[in-house]
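Encoded as structure tokens, the structure appears first; notes follow it.
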Amino acid sequence: MKKWLAVFGSACAVFLAAGFAFTNLIMFMKKKTDEDIMKKETAGGHQDEKGADFYIADCPFASFRDQLAYRLKREFRLSPWPLLPLADFFLRMREGYRIRDVSPLSVISRIRQPVLFIHSKEDDYIPPASSELLHRRKRGPKMLYLAESGGHAMSYTKNPESYRKAVQTFLDTMTQT
């Protein structure tokens with residue numbers, strides 16, 4: 001029994017340490033998300049009050065929770081449980097928000113400005129389905145460009161001509177309206 005408790009205690013300590021480290025990673029990554037920009041736009045918190053005339057989202061994720069679960073499974077072959085609930089707990093205690101609060105999908109329907117979603121079909125870091133889902137949920141002017149080749153954030157590098165053409169088409173469409 002004592003041996004089992006020691007193993008259980010060690011496992012809990014590892015999960016808590018992992019949750020704490022994971023929380024720090026989440027806090028760092030949250031500050032770098034497209035969702036921050038989108039939330040500022042929907043909240044009217046943009047510096048010039050009007051916001052941007054349009055947005056280009058290159059390889060965005062749709063939900064941070066889903067993205068973290070995907071990475072845990074893909075890179076470490078780990079179930080999101082119990083790491084994500086632990087990370088969520090520490091994040092809520094330390095920073096006052098939850099993993100589910102970081103979700104471009106939850107705000108995309110409120111973005112009035114046109115959005116060009118760009119993703120590589122071969123992206124194995126953030127699945128292209130994220131851009132497709134955001135594109136489907138976006139109301140109003142929008143465009144989706146799925147590059148034929150290239151990994152994560154490599155759409156332009158591997159497909160420069162078609163990438164430039166997609167951006168130009170999007171910009172031409174914006175100037176016509």
Do the alpha carbons of any pairs in Lys121/Lys142; Lys138/Lys165; Lys73/Lys138 sit beyond 26 Å of each other, and which pairs? Lys73/Lys138
For His135, His152, His119, what's the fewest-to-most ordering of other Cβ within 10 Å of each Cβ? His152, His135, His119
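As a footprinting exposure proxy, order Tyr97, Tyr70 by other Cβ within 10 Å, with the fewest listed first.
Tyr97, Tyr70
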Take Lys138, Lys73, Lys158 and order them by how many other Cβ atoms sit within 10 Å, fewest up front. Lys73, Lys158, Lys138
Which cross-chain or sequence-distant (5 or more) residues have an amide H under 5 Å from the amide H of Lys142, H modelled 1.01 Å from N in plane? Val115
Want the number for Leu171 to Arg139: 0.36 nm per residue separation, take away the alpha-carbon distance, what's left? 9.7 nm
In sequence order, calculated HN-Hα J values of the stretch 139-155 (Karplus, 6.51, -1.76, 1.60; Hz; x Gly/Pro): 8, x, x, 6, 8, 10, 10, 10, 6, 5, 9, x, x, 4, 6, 10, 4
J(HN,Hα) series, the stretch 119-131, from Karplus relation 6.51 cos²θ - 1.76 cosθ + 1.60, nearest Hz, glycine and proline x: 7, 8, 5, 9, 5, 10, 8, 10, x, x, 4, 5, 5
Hz values of 3J(HN,Hα) by residue in the stretch 158-171 - Karplus curve (6.51, -1.76, 1.60), Gly and Pro given as x: 8, 9, x, 5, 5, 5, 4, 5, 4, 5, 5, 4, 4, 5
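A short reminder: the numbers here are calculations on the coordinates, not readings from a lab. In this text the structure is predicted, and so the values were computed from the model without any measurement. Because the Cβ atoms are built from the backbone with ideal geometry, glycine has one as well, and the counts that use them run over all protein chains shown.
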